[in-house]
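These notes are about the structure you will find just below.
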Amino acid sequence: MDQALSNNIVLNVSNLKKSFGDFHILAGADLDLKEKQNIVILGHSGTGKSVLFKCIVRLIEPDSGGINVLGQDILALEDEKLTELRIKIGYVFQGGALYDSMSVRSNLEFPLKYTKGAKRTQAELNELVEEALVNVGLIESIDKMPSELSGGMMKRIGLARTLIQKPNILLYDEPTTGLDPVTSGEISELILKIQEEYNTSSLIISHDLKCIEITANQVNVLKEGKFTASGTLDEMKHHEDPFVNSFFK
């Protein structure tokens, strides 16, 4: 995907390390994400991709290293300051992670009602929910229950719930896993649309070549806890390291 990029770095990960017992998952990972950039992260299972995401939002505490988000050291923040910064980072889970007992409307209202900040009227909540659903093409599903949604619809609603907070940075964890090729393509195009309309910067964990082709400004390869290669999709396909170009065969 070709697009002019800013040089403004919105996320910097430096020498990040995380181990679980004797298992060294992240072993000095370095990453820069620029404003309005989409980076796809490739790596074998268990190499630390999801652990990296959880460290970025501090669901997991790294052992050492640095994480700077929108000019702030997120590892140094606590309580309200940490919550305020987390709101600017949208985490899109694999399965949508909707609350089964809540309607689509209630799922989208939830983060707005229970995150600290200005209290909104019901009219304001309705407007934000409807806007988010329009942007993912599912306004007609506003009062459905999760059990009534297909896999692709669940992913879209999960993305809508993330977008409702107007984040600057999005973290997508395998956004097209388990979807048929047509729906996978639609979700990939939606990721691109969101980048363009919301001016977001995104990290995308994916091994779906069509998704990578549609969404990626850059591809970074994680191997043994470090990023060992980065470049455009075409550069990665023709990389001299067999480990790197094996993802494209």
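Observations on the structure shown:
- Breaking point among (1) of a type outside the set (A, V, I, L, M); (2) assigned by TED's automatic domain parsing to the domain that holds ALA216; (3) exposed (fewer than 15 other Cβ atoms within 10 Å of the Cβ), for THR121: (2)
- The strands (runs of 3 or more DSSP E) falling completely within the range 164-243 include none with 3 or more residues that are surrounded by fewer than 15 Cβ atoms within 10 Å (Cβ to Cβ) and polar (S, T, N, Q).
- Here GLY152, GLY158 are screened, and the one residue that is in a helix (DSSP H, G or I), in contact with a Leu (Cβ under 7 Å, 6 or more places away or on another chain), over 26 Å from THR47 (Cα atoms) and not polar (S, T, N, Q) is GLY152.
- Number of residues in the range 132-170 that are more than 13 Å from the chain's Cα centre (by Cα), β-branched (Val, Ile, Thr) and more than 23 Å from LYS119 (Cβ to Cβ) equals 4.
- Residues that are of a type in the set (S, T, N, Q) and over 19 Å from LEU16 (Cβ atoms) within the range 196-249 comprise ASN199, THR200, SER206, THR215, ASN217, THR232, ASN245, SER246, listed in sequence order.
Yes/no matrix, rows are residues, columns are (1) surrounded by fewer than 22 Cβ atoms within 10 Å (Cβ to Cβ); (2) closer than 19 Å to LYS223 by Cβ; (3) at pLDDT below 95:
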{"position": "VAL10", "(1), (2), (3)": "yes, no, no"}
{"position": "SER14", "(1), (2), (3)": "yes, yes, no"}
{"position": "PHE20", "(1), (2), (3)": "yes, yes, yes"}
{"position": "ALA29", "(1), (2), (3)": "no, yes, no"}
{"position": "ASP32", "(1), (2), (3)": "yes, yes, no"}
{"position": "LYS36", "(1), (2), (3)": "yes, no, yes"}
{"position": "VAL40", "(1), (2), (3)": "no, yes, no"}
{"position": "GLY46", "(1), (2), (3)": "yes, yes, yes"}
{"position": "PRO62", "(1), (2), (3)": "no, yes, no"}
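- Looking across the range 202-214, just one residue is modelled with pLDDT of 95 or more and polar (S, T, N, Q), and that is SER202.
- Contacts under 8 angstrom Cβ, first residue in the range 46-62 being in the same structural domain as LEU26 (by TED's automatic domain parsing), partner of a type in the set (Phe, Trp, Tyr) and buried (at least 18 other Cβ atoms within 10 Å of the Cβ), 6 or more apart: PHE53/TYR91; VAL57/TYR91
- Some residue of the range 95-102 being aromatic (Phe, Trp, Tyr), touching a helix residue (DSSP H, G or I) at 6+ places or on another chain (Cβ under 7 Å) and closer than 22 Å to GLU174 by Cβ: yes
The values are calculated or read from the model by the stated rules, or taken from the named source; none is laboratory data. Remember, predicted model here, so these are calculated numbers, not experimental data. Counting neighbours? That spans all protein chains shown, and the Cβs are built from the backbone with ideal geometry, glycine included.
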